[in-house]
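The values are calculated or read from the model by the stated rules, or taken from the named source; none is laboratory data. Values in this document were obtained by computation on a predicted structure and should not be read as measured data. Here Cβ is always computed from backbone atoms with ideal geometry, including for glycine, and neighbour counts include all displayed protein chains.
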């Protein structure tokens, strides 16, 4: 386990909502706030106003629309557990800008997350089920001769690698894994239940949720938080004035944690395509990846 993860799991819990002050002030290093007098939520705070997906993606698709990029590779992105496609909002915007529109991006909400609903089961988070979902979406949305690069963060990295390793999609020219390594991920699983139990179960507003996400270091970028956090929440009832709850119950993913990451390194190294691994530091590499790096495989 890396030094960063060890430091995180020393805390063993996230800060409760009661510790959040209400007068937010943003600095270049962090997003903090100071509290004087009685705590009252500022309902019209521009600093915590959610961002719209429209500033980061060209369109929102219900899968019946067929997005295609004829003039460059297409990045197909899978988020981590408890997140949504809007996790990649800033990334999509930067890719479009850096490539002058030559590269396309598709980011999906997997089952049980974001706006995606299934007719059978929203809680089947098995690696094979999510991998088949990912394959089905790609086959439906992307032409067979369109070059694609699979990108996955955390749980999504396992899905992207598993899909690449199957070699069922002949147009995959690369796979990118962000912030997940088999060894450190499995080591961290024993602490995840306690961390999940310390998350707030509800919020009074989207602004409160955004503030919590940044102050708890769940998200380190306030722009990303304002875009991605609202997509993870829904009203608890028909009354839109009611409190907000998480769309995804992460405790229901627990039976699948181990299978997500077991064998990840070997599958990544033998995926048969170009590989990119993005980590906070090389101390997170496990033995197979260290060998692969020395051999020039990644």
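Side notes on the structure shown:
- Conditions (1) out of contact with any helix residue (DSSP H, G or I) (no Cβ under 6 Å at 6 or more places or on another chain); (2) modelled with pLDDT of 95 or more: number failed by residue 159: (1)
- If you go through region 253-272 and pick out every residue that is within 19 Å of residue 75 (Cβ to Cβ) and exposed (fewer than 15 other Cβ atoms within 10 Å of the Cβ), you end up with 1.
- Of the criteria (1) modelled with pLDDT of 85 or more; (2) touching a helix residue (DSSP H, G or I) at 6+ places or on another chain (Cβ under 6 Å), which one residue 117 fails: (2)
- With respect to the conditions (1) part of a strand (DSSP E or B); (2) more than 23 Å from residue 255 (Cα to Cα), residue 152 lacks only one, and its number is (2).
- Region 236-252, subset in contact with a strand residue (DSSP E or B) (Cβ under 8 Å, 6 or more places away or on another chain) and within 24 Å of residue 125 (Cβ to Cβ), residue surrounded by the fewest Cβ atoms within 10 Å (Cβ to Cβ): 236
- Residue within region 194-206 that is free of Cβ contacts under 8 Å to residues at least 24 places away in the same chain and exposed (fewer than 15 other Cβ atoms within 10 Å of the Cβ) present: no
- Residue that is modelled with pLDDT under 95 and over 20 Å from residue 53 (Cα atoms), where the choices are 186, 135, 149, 173: 186
- Selected residue (criterion: surrounded by the fewest Cβ atoms within 10 Å (Cβ to Cβ)) from residues of region 89-113 that are on the phi > 0 side of the Ramachandran plot and at pLDDT below 95: 100
- When residue 217 is tested against (1) on the phi > 0 side of the Ramachandran plot; (2) at pLDDT 95 or above, just one condition goes unmet, and that condition is (2).
- Filtered by the rule that a residue be closer than 21 Å to residue 117 by Cβ and modelled with pLDDT under 80, region 58-88 gives 59, 60, 61, 62, 63, 64, 65, 66, 67.
- Selected residue (criterion: farthest from the chain's Cα centre (by Cα)) from residues of region 248-298 that are closer than 20 Å to residue 149 by Cβ and in a loop (DSSP other than H, G, I, E, B): 296
- Subset of region 136-168 that is under 21 Å from the mean Cα position of the chain (by Cα) and free of Cβ contacts under 8 Å to residues at least 60 places away in the same chain - its residue that is surrounded by the fewest Cβ atoms within 10 Å (Cβ to Cβ): 136
- Filter result (surrounded by fewer than 18 Cβ atoms within 10 Å (Cβ to Cβ) and in contact (Cβ under 8 Å) with a residue 40 or more places away in the chain) within region 222-235: 223
- A single member of 180, 219, 175 is in contact (Cβ under 8 Å) with a residue 60 or more places away in the chain, surrounded by 21 or more Cβ atoms within 10 Å (Cβ to Cβ) and in a loop (DSSP other than H, G, I, E, B), and it is 180.
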